[in-house]
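One structure is given here, and the rest of the page talks about it.
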Amino acid sequence: MHGFYIYAITAILLFCLGLWGLAFHRNLLRKIVALNVMAGGVFLFFISIANPDQSGEVDPVPQAMVLTGIVVAISLTAFALCLARRIHEKTGQNELDTSCSIEDGDG
Amino acid sequence: MIFDILSILLCLAGAFFFLGGTVGLLRFPDNYSRLHALTKADNLGLGFIVLGLVLASPTMPEIIKLGLIWLLALVGSSSACYFIGNYIYHTPSQEEE
Amino acid sequence: MQIFFLALACFLILNILAGLWRVVQGPTPADRMVSAQLFGTTGVAILLVLAQALEAPYIRNAALLFALLMIMAVLSFVRKSTPKQGQAGNIK
Amino acid sequence: MALFLDILVAFSLVAIAWRIMRAPGHFQAVVLFITFGLLLSLAWARLNSPDIALAEAAVGAGLAGVLLLDTLRAVAQPGKVKTGAHFSWLLLPCLLLAGLLTLSIIHIQPDSQGLARAVEAGMQTTSLEYPVTAVLLDFRGYDTWLELGVLLAAVLGLLCVRRKKSIRAPLLPAPAEPVGRWLISILLPLILLVGGFLLWLGAFAPGGAFQAGVVWAAGGVLLWQAGHPSLGALPVSLWRTGAVLGFALFWLLAATALIRNEPMLTHPQAKAWILAVEYAAALSIAVCLTSLAIGGQKSEDRNQKSEVRDQRSGDRCQITNNR
């Protein structure tokens with residue numbers, strides 16, 4: 001039971017830190033890394049809730065979903081990184097324009 | 001019983017070498033000498049721990065797998081050491097980031 | 001016996017935590033990469049010990065994957081600066 | 001002791017995540033992210049989920065590091081070291097959110113069974129022996145099908161962004177060192193073998209299409225990193241077939257079930273059929289992830305291409321000389 005709380009709270013902290021990093025960084029690469037940390041938090045929460053007493057049977061459905069999620073996360077990371085490269089090639093910048101990012105943040 | 005004690009002793013020896021590797025990583029003065037920590041201390045530590053685990057219980061296929069893991073770790077870190085050493089040697093201006 | 005292996009795993013994780021200081025401190029990228037490789041070896045050891053302590057033999061396969069694939073990051077890293085110099089060498 | 005281990009792993013995860021966000025240099029953040037993956041896979045091992053530990057090991061150790069480091073190199077801005085950052089006050093609301101979420105989980109009564117019992121009941125109707133694989137391929141085939149669709153969509157998106165027709169990326173020049181070539185010749189057969197082993201294991205133990213696909217993709221990327229010409233020599237049609245195979249097989253499954261007037265994705269409960277779908281899925285995942293990892297490269301212009309080719313032929317001469 002302790003294990004459940006420890007890992008669930010860790011997962012929440014990871015999620016919130018990732019969320020903060022996503023907003024905090026202008027650099028696109030760092031945003032993508034932050035997004036991955038967020039994903040790690042979500043996966044960890046899923047598994048910690050599937051396995052509350054850390055012994056005996058683990059619920060296989062969340063495990064299967066997280067397994068799917070990991071592969072989707074890496075493919076989306078690859079695509080996002082490709083977009084970041086493209087932006088760098090077009091504009092020579094690693095970040096979105098300041099005015100753009102403020103508009104994005106508001107909208 | 002004797003196997004248990006031997007296993008614990010071997011694992012402790014492995015832990016000692018891991019500790020040595022970490023201390024080396026932290027205390028060695030330049031990046032060439034820090035490579036020693038990567039290639040020597042940690043692989044020896046891993047070898048000892050693998051030996052200790054082999055004595056602890058597993059069956060024959062597991063023993064083979066453990067041995068394979070150690071060999072792969074050896075291959076991996078020795079070539080990593082070569083690549084990184086080569087990199088350090090060929091990049092004279094070690095700029096910050 | 002199980003408690004001993006768990007304690008060993010804890011000790012190895014503490015090793016990683018201590019080694020993180022080198023990643024944070026640097027000073028050069030190569031140092032950071034060396035520490036990451038070191039963590040890889042330590043991680044293999046921790047996974048093996050955990051497989052023994054938790055009696056979950058399939059975790060050994062994860063250790064096998066780490067031992068197999070840790071080198072990829074280094075190959076990527078080594079390429080990091082070579083293109084410019086390498087190409088300059090090739091044009092001759 | 002187990003509690004101490006949990007606390008230690010949790011603390012390291014949070015500390016590393018904090019440092020990833022705060023690190024001044026991008027390279028440091030990427031290296032820390034690789035370490036983060038390592039610790040996450042320790043957490044999976046501790047949480048009794050070897051399947052996820054396997055996938056995380058393959059992704060975290062292999063693909064994620066390669067992708068991030070390659071991109072970091074490609075978008076490097078020599079003059080600019082410091083990261084531009086704004087909205088640092090947002091940390092406060094984020095921590096507030098963390099507090100609220102923590103409050104909410106205290107009130108969750110974790111149902112220790114969850115869907116485990118339902119899956120156990122369903123295991124009698126399927127011919128697979130391992131519950132997670134059964135969920136992935138049988139009970140919740142939609143997830144796997146659409147996941148393959150996401151992979152395919154990502155590959156298509158990449159091709160659109162790069163304006164390429166084929167997935168084949170320009171190959172990097174081969175490393176001049178003999179060590180690299182030696183390394184490939186040792187690791188590649190083992191990677192193929194381990195991937196196949198995991199795939200075979202998936203029918204009755206932790207392992208399966210996802211892990212095998214990721215491991216094989218790592219092998220493909222390794223081949224490319226070594227500048228081996230074999231990936232570029234594969235015909236485009238093979239690449240395309242490999243990429244769509246898993247998705248197409250699931251589609252076929254769904255269509256035949258509809259034609260036979262059964263609910264979608266019900267299939268003949270033959271082990272061979274399920275395993276065929278699984279193997280096709282593994283192959284597709286491997287091909288798609290390999291293309292995603294290496295297809296993001298900027299397409300080189302002619303000069304560079306010929307240069308690469310020259311070097312490759314030179315390399316070949318060198319090999320024959322060695323022999």
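Here, each number is a calculation from the coordinates, and none is a lab measurement. Bear in mind that the values here come from a model prediction, so they are computed numbers and not experimental data. FYI the Cβ positions are ideal-geometry reconstructions off the backbone, even for glycines, and counts take in every protein chain you see.
Given the pairs A:31/D:271; A:31/D:164; A:31/B:40; A:31/D:165, which span a C-alpha to C-alpha distance of over 32 angstrom in this model?
A:31/D:271; A:31/B:40
In percent, how large is the relative contact order of the stretch D:22-70, given Cα pairs closer than 8 Å and 6 or more residues apart?
Relative contact order comes out at 43 percent.
Once you put a point 7 Å from the Cα of residue D:260 and another 7 Å from the Cα of residue B:23, both along the Cβ direction, what distance in nm separates them?
Here the answer is 6.8 nm between the modelled labels.
Take peptide D:273-285, look around each residue's Cβ out to 10 angstrom, count Cβ atoms belonging to other protein chains, and average those counts.
0
Dividing the convex hull volume of the Cα atoms of the stretch B:2-89 by its residue count, what figure in Å³ per residue is obtained?
Dividing the Cα hull volume of the stretch B:2-89 by its residue count gives 60 Å³.
Note down the relative contact order for chain C as a percent, whole number, built from C-alpha pairs under 8 angstrom at least six residues apart.
27 percent.
Could you please report the charge total around residue D:44, scoring K, R as +1 and D, E as -1 over all other residues with beta-carbon less than 10 angstrom from its beta-carbon?
-1
I need the P(r) histogram for the stretch C:2-80: all alpha carbon pairs, bin width 10 Å from 0 out to the longest distance, whole percents.
Percent of pairs per bin, in order: 19, 42, 30, 10, 0.
Measuring from label point to label point, each 7 Å out along Cα→Cβ, what is the residue C:24 to residue B:86 span in nm?
Using points 7 Å along Cα→Cβ, the separation is 3.4 nm.
Grab the other residues whose beta carbon is less than 13 angstrom from that of residue D:274, score K and R as +1, D and E as -1, and report the net.
Value of the local net charge: -2.
Measuring from label point to label point, each 7 Å out along Cα→Cβ, what is the residue C:3 to residue B:6 span in nm?
2.5 nm
Over the Cα atoms of the stretch A:2-91, how large are the radius of gyration and the largest Cα-Cα distance (Dmax), in Å?
15.6, 54
Please tell me the relative contact order of the stretch B:2-89 in percent, rounded to the nearest whole number, where contacts are Cα pairs under 8 Å and at least six residues apart.
Reported as a whole number, the value is 37 percent.
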